[in-house]
Amino acid sequence: MLVLLALPFAMQAQSKFHDVEMNEATGPVKKITQNLMGQEIVIDFTTDGKMQRKEVSDAQYDADGYIQSFKLNVMGQELSIAVKWEDGHVKTQTMNVMGQEMVITRSYNEQGAPAEDSINLGGMENKSPYSEYQYDDHGNWISRKGSIMGQEMTQTRTIEYYE
């Protein structure tokens, strides 16, 4: 019994759920804080990797702990999001936006960070590439340049770890 108590805390973190990976990070992540269009978004994670966010509900997981679907409340609107995984990364996210299906297909760079999101809404496709990544000492991105509909922006985030 004492042997189990002596195991390092970090070894126990992020073992059951893969919500950290869905949020483009790996390891014993405790919290991700980012600013999106002037709004601060905080995502907390349990020690077993489950996302704790007040805007998220009805999360459904497969037997391996990969989220398959969830509901997200965005400015009073509830979006149902279906997630498809490939090789431990999110491949697509599908949701209904204003009566139209929106599919976001993601490709990844050599470091495992998103290289580009391809957004298809009602048959119209828009590519959103990411570049100029900066990484923290755990290998997770903390800054990147993105382009949405031709508009360039820098995205930053801070990540706290269980350690």
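A short reminder: the numbers here are calculations on the coordinates, not readings from a lab. Keep in mind it's a predicted model, so treat the numbers as computed, not measured. Positions of Cβ are backbone-derived with ideal geometry, glycine not excepted, and every protein chain shown enters the neighbour counts.
Values as computed for the structure displayed
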| item | result |
| --- | --- |
| Filtered GluC sites (Glu not before Pro), the stretch 81-138: DSSP coil and at most 16 other beta carbons within 10 Å | GLU110 |
| Relative contact order (percent, whole number), the chain, Cα cutoff 8 Å, 6+ residue spacing | 19 percent |
| Extension gain, ALA63 back to LEU36 (0.36 nm per residue minus Cα-Cα distance, nm) | 6.5 nm |
| Dimensions (Å) - the chain, Cα atoms, principal axes, largest first | 59, 34, 30 |
| Gain on full stretching of the segment that runs from ASN96 to ASN120 - 0.36 nm per residue minus C-alpha separation | 7.5 nm |
| Cleavage-rule hits, trypsin sites (Lys or Arg not before Pro), the stretch 84-163, DSSP coil, Cβ neighbours within 10 Å at most 12 | none |
| The stretch 39-82: GluC sites (Glu not before Pro) in DSSP loop, at most 16 other beta carbons within 10 Å | GLU55 |
| Whole-Hz couplings from phi, Karplus 6.51/-1.76/1.60, listed for the stretch 45-62; x for Gly and Pro | 10, 6, 5, 9, x, 7, 5, 10, 9, 4, 7, 9, 9, 6, 5, 10, 10, 7 |
| Relative contact order [Cα under 8 Å, 6+ residues apart], the stretch 93-161, whole percent | 18 percent |
